[in-house]
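The values are calculated or read from the model by the stated rules, or taken from the named source; none is laboratory data. Keep in mind it's a predicted model, so treat the numbers as computed, not measured. Glycine also receives a Cβ, built like all others from the backbone with ideal geometry; neighbour counts cover every protein chain displayed. Remember, those area values only see protein heavy atoms, side chains included, never the ligands or the DNA or RNA. Shrake-Rupley method; radii C 1.70, N 1.55, O 1.52, S 1.80 Å.
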Amino acid sequence: MTGASVADVRDSSAERSRRGRRIAVLFAVAVFAYALDLVSKMIVVAKLEHHEPIKLIGDWLEFNAIRNPGAAFGFGQAFTIIFTLIAAAVIVVIIRLARKLYSLPWAIALGLLLGGALGNLTDRIFRSPGVFQGEVVDFIAPKGFAVFNLADSAIVCGGILIVLLSFRGLDPDGTVHKD
């Protein structure tokens, strides 16, 4: 092997290793967000559902278990199957995008989206009234705002991070562009 060939092999190996670490971060964040959502919903269903809301900060914030067949703000209650398909498509896109991932911030953002999408998709598949029509368990209820869950929070945080990364010109493959 020539000197250039050895350097190319080292660079390629280092690049694969770096991408592997970013993919590991993506999936670690996703598993953490998913587990947190799943455990919180199990506790809410076991301890809070069919009970009075728990006030956390006066009238400003409470835990109030509800089942939501729609999307945010109860929108689209007749389209539960559509939201299920959208969540499944988002998961597939993120997994496909992971192959080209070289950016740590993007790994975190996509991990949050993946974990949140998996959390709500789990509800849509396994909760009543039936497969692909299940209602999402929501319980965080700020005054004057929609009731939501930790999966929703992960999705929103991941989305905000993606917008910020896009404004900064950082792409998932690690390149930076200035427009």
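Some values worked out for this structure:
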quantity	calculated
Residues being farther than 20 Å from Pro172 by Cβ and either open to solvent by less than 40 Å² (accessible area, probe 1.4 Å) or modelled with pLDDT under 75 (or both) - total across region 24-49	6
Residue count for region 146-178, restricted to those that are closer than 30 Å to Leu48 by Cα and not in a helix (DSSP H, G or I)	4
Hits in region 75-113 (condition: open to solvent by 10 Å² or more (accessible area, probe 1.4 Å) and in a loop (DSSP other than H, G, I, E, B))	Phe75, Gly76, Tyr102
Yes/no for Val137 being touching a residue at least 24 places away in the same chain (Cβ under 8 Å), touching a Lys or Arg at 6+ places or on another chain (Cβ under 6 Å) and within 16 Å of Asp37 (Cβ to Cβ)	yes
Test: Gly134 is on the phi > 0 side of the Ramachandran plot and more than 17 Å from the chain's Cα centre (by Cα)	no
Region 51-68: number of residues that are open to solvent by less than 80 Å² (accessible area, probe 1.4 Å) and in contact with a strand residue (DSSP E or B) (Cβ under 8 Å, 6 or more places away or on another chain)	9
Any hit, region 10-23, residues being surrounded by 11 or more Cβ atoms within 10 Å (Cβ to Cβ), under 13 Å from Leu150 (Cα atoms) and of a type outside the set (Gly, Ala, Ser)	no
Check on Gly116, at negative phi, assigned to a loop (DSSP other than H, G, I, E, B), open to solvent by less than 20 Å² (accessible area, probe 1.4 Å) and not aromatic (Phe, Trp, Tyr)	no
Among residues of region 125-145, those that are part of a loop (DSSP other than H, G, I, E, B), at pLDDT 90 or above and surrounded by 14 or more Cβ atoms within 10 Å (Cβ to Cβ), counted	2
Search result, residues across region 45-74 that are touching a residue at least 60 places away in the same chain (Cβ under 8 Å), in a helix (DSSP H, G or I) and either farther than 12 Å from Phe148 by Cβ or of a type in the set (S, T, N, Q) (or both)	Val45
